[in-house]
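Beneath this line is the structure, given in C-alpha cells, with notes to follow.
The values are calculated or read from the model by the stated rules, or taken from the named source; none is laboratory data. All values reported here derive from a predicted model rather than from experimental measurement. Cβ atoms come from the backbone with ideal geometry, glycine included; neighbour counts cover every protein chain shown.
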Amino acid sequence: MREPGEDPGEHFVEPNPRSWAGNNAAGVEYLTRKEPYQFLIRFKEKPSQDVIDLMKDNGFRWDRDAQLWARPIAYSTAAQDREIGRRTYGKVVDRLLEQKGIDAGQGCDESIHF
C-alpha cells in the first residue's frame, strides 16, 4: 500500500508490532506482531491481579523481555483468535476503568482499525 506522492519504486513497510487501539484513561494499548504472529496488550503500569487473571484465562502470557502480554495467533484459527483478542482487550479496558472509578463513556478510547 502506497501513500499518495510516494515513489512507486518504494514499498510501504507496516510497523511490527502494530498498534490497533489504546485507551489513555485505562493505560492500556492493543497491538499485533507478525513474527511471531501474536496479539499484544501493553500496560502503562502493572495491572491488578484481577486483570492479570483475566489475561491468563484468555490465553495471554507475560513476555518478560518485551514487557507486555502476548497471545499466539494460529493460522488455522486466526479469526477465532482475533475475536478472543478483541474481546479480552475490551474487558481489560472496562475493568481498568471500573477500578479507577472512571465511567466507560469518559475513557479516551482511540479508534480500533480491524
Mind listing whichever residues of region 86-106 are more than 9 Å from A25 (Cβ to Cβ) and not charged (D, E, K, R)? T88, Y89, G90, V92, Q99, G101, A104, G105
Any idea which residue in region 95-113 is modelled with the lowest pLDDT, counting only those that are of a type in the set (G, A, S) and surrounded by fewer than 10 Cβ atoms within 10 Å (Cβ to Cβ)? S111
